[in-house]
Amino acid sequence: MLDFNDTIHSENAIEKIAEMKVKFDTEQKEKELVEEKLLTIEKELKIKQGNLRTAIIGGLALLIMISAFLAVKIQRNKRQKEAVVNALKLEKEKAIAERKIGEEKQRISRELHDNIGSQLTFMISSIENAAFKMDVNEKSKFSEITDFGRDAMDDLRNTCLLYTSDA
């Protein structure tokens with residue numbers, strides 16, 4: 001019986017060894033599967049990190065482009081406002097210059113009318129007084145001179161009116 005016991009023992013040992021081998025092989029396969037899963041997860045993580053970096057870089061690029069666009073638009077608006085302000089300043093300066101020219105024309109016109117007009121009036125009245133005392137032949141010469149003086153006065157008035165109406 002010893003042989004039979006030894007064979008049973010041996011068979012039990014072989015079974016145990018086979019079970020242990022199966023258990024070992026199973027654990028080995030599970031370990032390989034876990035390692036493969038780990039590698040897959042690491043690869044996915046790297047891909048996600050790459051995608052995140054790409055998204056961040058894309059977002060920053062978009063933000064920079066929008067900022068540049070807004071900066072250009074703000075500068076353009078600023079230049080347009082400055083152009084309008086400068087045009088208004090030039091127009092104002094032109095209006096002031098025209099007003100000053102008009103005022104100067106009026107001043108010159110008044111001076112001409114007041115000074116030369118009064119001098120012509122004095123000359124005409126002096127000639128008429130002198131002609132009043134003379135005979136008829138000499139009066140006609142003085143009459144021509146006074147008519148000439150009155151024409152000069154009319155021309156002076158018209159010139160003064162022209163200067164004051166332009167202002």
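Just checking, does the stretch 119-133 include any residue being in contact with a helix residue (DSSP H, G or I) (Cβ under 7 Å, 6 or more places away or on another chain), of a type in the set (A, V, I, L, M) and open to solvent by 70 Å² or more (accessible area, probe 1.4 Å)?
Yes, there is a match, as at least one residue in the stretch 119-133 is in contact with a helix residue (DSSP H, G or I) (Cβ under 7 Å, 6 or more places away or on another chain), of a type in the set (A, V, I, L, M) and open to solvent by 70 Å² or more (accessible area, probe 1.4 Å).
Out of ASN137, ASN86, ASN77, report the one residue that is in a helix (DSSP H, G or I), open to solvent by 90 Å² or more (accessible area, probe 1.4 Å) and farther than 30 Å from LEU162 by Cβ. Reasoning before the result, please.
Values: ASN86 fails: open to solvent by 90 Å² or more (accessible area, probe 1.4 Å); ASN77 fails: open to solvent by 90 Å² or more (accessible area, probe 1.4 Å).
On inspection, the qualifying residue turns out to be ASN137.
Tally up the residues in the stretch 42-73 that are of a type in the set (Val, Ile, Thr) and open to solvent by 100 Å² or more (accessible area, probe 1.4 Å), please.
Summing the residues that are of a type in the set (Val, Ile, Thr) and open to solvent by 100 Å² or more (accessible area, probe 1.4 Å) in the stretch 42-73 gives 3.
The values are calculated or read from the model by the stated rules, or taken from the named source; none is laboratory data. In this text the structure is predicted, and so the values were computed from the model without any measurement. Heads up, the Cβs are rebuilt from the backbone with ideal geometry, glycines too, and the neighbour counts pull from every protein chain shown. The protein model used for the area step is the full one, side chains on, heavy atoms only, and it has no ligands, DNA or RNA in it. Shrake-Rupley method; radii C 1.70, N 1.55, O 1.52, S 1.80 Å.
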